[in-house]
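This report refers to the structure that appears directly beneath it.
The values are calculated or read from the model by the stated rules, or taken from the named source; none is laboratory data. These numbers were taken from a predicted model, which means no experiment stands behind them. Every residue, glycine as well, gets a Cβ built from its backbone with ideal geometry; the counts of neighbours run over all protein chains shown. To get the accessible areas, we keep the full protein, side chains included, count just its heavy atoms, and leave off ligands, DNA and RNA. Shrake-Rupley method; radii C 1.70, N 1.55, O 1.52, S 1.80 Å.
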Amino acid sequence: MPHLKNIKSNCVVCGKEFLTSQYAISKGRKCCSLSCASKCIKRIPLQDRFWGKVIKRGSDECWEFTGALNENGYGQFAYNGKSMGAHKIAYMLSIGEQKKGFVIMHICDNRKCCNPNHLLQGLQRDNVLDMVSKKRNAPCSGEKAGRSKLSHNLVKEIREKYKGNFGDMSRLAKEYGVVVQTISNVIHFNNWK
């Protein structure tokens, strides 16, 4: 594999020669160490680093963040050594600093959206009232659960295939790419009622 072969490169920060792979170079590696990489990142203006990870569309459309997401589906962006919500960075760059005790709310309800026209500063109470008024506070289950690997049709299929024999749950878990506990929950109607 030619992309795994070590090649010599020079660090753009300290000038030191270092060994890396062609693959790492193709993915943007320019520095010899994490220390130099952090200095390199600081050289790129925040606006360029951030907006480079956002797909901008029309002023009334959602501008989706394409970088890392947290477990709740919100964009995450490194700023001043901390991970922050991408929508908060968008607000800060476009409108101004977030006031102490306030939150940045999405009026579009798209957690990846960074369009400043879709962001509003308010109290947490306002955010909760907005969520309740739009009926977004009900717990998600089944196919609507963000990390669900199963659909209603697959659940029905699993229940039909389960015969109660020793090893059925393990076999079904492997077949459907889930853990045995998920199959047990499906079979015993703990989930997917």
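Quick grid of which residues meet (1) β-branched (Val, Ile, Thr); (2) at pLDDT below 90; (3) open to solvent by 60 Å² or more (accessible area, probe 1.4 Å):
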{"residue": "SER26", "(1), (2), (3)": "no, yes, yes"}
{"residue": "CYS32", "(1), (2), (3)": "no, yes, no"}
{"residue": "LYS39", "(1), (2), (3)": "no, yes, yes"}
{"residue": "ASP60", "(1), (2), (3)": "no, no, yes"}
{"residue": "MET84", "(1), (2), (3)": "no, no, no"}
{"residue": "LEU123", "(1), (2), (3)": "no, no, yes"}
Point to revise | Cross-chain or 6+ apart pairs with Cβ under 8 Å, the stretch 149-177 first and on the phi < 0 side of the Ramachandran plot, then at pLDDT below 85 and open to solvent by 30 Å² or more (accessible area, probe 1.4 Å) | key: LEU150/GLU143; LEU150/TRP192; SER151/GLU143; HIS152/GLU143; HIS152/TRP192; VAL155/TRP192; TYR176/LYS149
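Within the stretch 65-80, is there a residue that is more than 15 Å from the chain's Cα centre (by Cα), open to solvent by 50 Å² or more (accessible area, probe 1.4 Å) and under 27 Å from CYS14 (Cα atoms)?
So far as the stretch 65-80 goes, yes, one or more of its residues are more than 15 Å from the chain's Cα centre (by Cα), open to solvent by 50 Å² or more (accessible area, probe 1.4 Å) and under 27 Å from CYS14 (Cα atoms).
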Revision key, fill the gap. Filtering the stretch 32-64 for residues that are of a type in the set (Ser, Thr, Tyr) and more than 19 Å from VAL12 (Cβ to Cβ) leaves a count of 1
Practice item. Evaluate the following for ILE107: is it β-branched (Val, Ile, Thr) and surrounded by fewer than 17 Cβ atoms within 10 Å (Cβ to Cβ)? Key: yes
Practice item. Would you mind stating whether LEU93 is in contact (Cβ under 8 Å) with a residue 40 or more places away in the chain and open to solvent by less than 60 Å² (accessible area, probe 1.4 Å)? Key: yes
Check your understanding: If only one of LEU69, LEU120 is out of contact with any Asp or Glu (no Cβ under 7 Å at 6 or more places or on another chain) and within 26 Å of SER148 (Cα to Cα), which one is it?
Key -> LEU69
Review point. Does the stretch 142-154 contain any residue that is touching a Gly at 6+ places or on another chain (Cβ under 9 Å), at pLDDT below 90, open to solvent by 90 Å² or more (accessible area, probe 1.4 Å) and part of a helix (DSSP H, G or I)?
Key: yes
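Just one of LYS39, LYS8 is touching a residue at least 24 places away in the same chain (Cβ under 8 Å) and of a type in the set (Lys, Arg); which is it? Break it down stepwise before answering.
Numbers: LYS8 fails: touching a residue at least 24 places away in the same chain (Cβ under 8 Å).
When all the criteria are applied, what remains is LYS39.
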Review point. Conditions: (1) among the hydroxyl-bearing types (Ser, Thr, Tyr); (2) under 25 Å from ASN137 (Cβ atoms); (3) part of a loop (DSSP other than H, G, I, E, B). TYR91 meets all but one. Number of the miss?
Key: (3)
Check your understanding: List pairs: first in the stretch 63-85 and free of Cβ contacts under 8 Å to residues at least 60 places away in the same chain and on the phi > 0 side of the Ramachandran plot, second among the hydroxyl-bearing types (Ser, Thr, Tyr) and not in a loop (DSSP other than H, G, I, E, B), Cβ under 9 Å, 6+ apart or cross-chain?
Key -> GLY81/SER38
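So, GLY101, is that one at positive phi and part of a loop (DSSP other than H, G, I, E, B) or not? Spell out how you get there, then give the answer.
Details: at positive phi: yes; part of a loop (DSSP other than H, G, I, E, B): yes.
Yes.
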